[in-house]
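Read the figures in this text as sums done on the coordinates, not as results from a lab. Just so it is clear, the structure is predicted and the values come from calculations on it, not from any experiment. Backbone-built Cβ (ideal geometry, glycine too); neighbour counts: all protein chains shown.
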Amino acid sequence: MIVGLDHVQVAAPPGCEDDARVFYGELLGLEEIEKPPLLAARGGAWFRVGDQELHVGVAEPFTPATKAHPAFRVSSAASLELLAARLEPHGHVVSRPSQEEIPGTLRLHSSDPWGNRIELVADVPYGT
């Protein structure tokens, strides 16, 4: 029986590690965690997301996921805007879907350095 979500993996091209550390580590603030030695030889990087993990895995050939995506929950609307303010100066376009689509939720969409879609989500008081 399934009891939870362990990790989500996004694909990236060979040589992605430095960009992964900047984007997921520095800009989004995720903690990098050590990959097991046998898997580390394959490249990529792993990050902690709360009790779960995000794995950036090398794919060759690589094609970005422009629809399928991880959605990261943030603590507040202010945190959401702080992340947008970090991403945009680094060339990551941020879009803001209508709040009417999912009432009580603010969302941002952007892309990682390789074009994979990501979503950032914050709850807001109903009616704001």
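For this structure, a couple of remarks:
- Springs join every pair of Cα atoms under 10 Å in this Gaussian network model of the chain, and among G25, G115, G104 the largest mean-square fluctuation is at G104.
- Degrees separating the helix 77-87 axis from the principal Cα axis of the chain, which is the longest one: 50
- The chain: relative contact order in percent, alpha carbon pairs under 8 Å with at least 6 residues between: 25
- Bridge type composition, the range 62-128 - antiparallel percent by DSSP, nearest 5: 75
- FRET efficiency estimate (nearest 0.05) - Cβ-Cβ, E32 to R73, R0 25 angstrom: 0.80
- Between H69, H90, H55, the Gaussian network model of the chain with springs among Cα atoms under 10 angstrom shows the greatest mean-square fluctuation at H90.
- The calculated FRET efficiency for T63 paired with T105, based on their beta-carbon distance and R0 = 35 Å, is about 0.75.
- DSSP bridge orientation in the chain - percent antiparallel, rounded to nearest 5: 65
- Rounded to 5, the percent of DSSP beta bridges in the range 1-73 classed as antiparallel: 55
- Ellipticity at 222 nm from helices only: DSSP H runs of n ≥ 4 in the chain, each -39500 (n - 2.57), divided by the residue count, give -3500 deg cm²/dmol.
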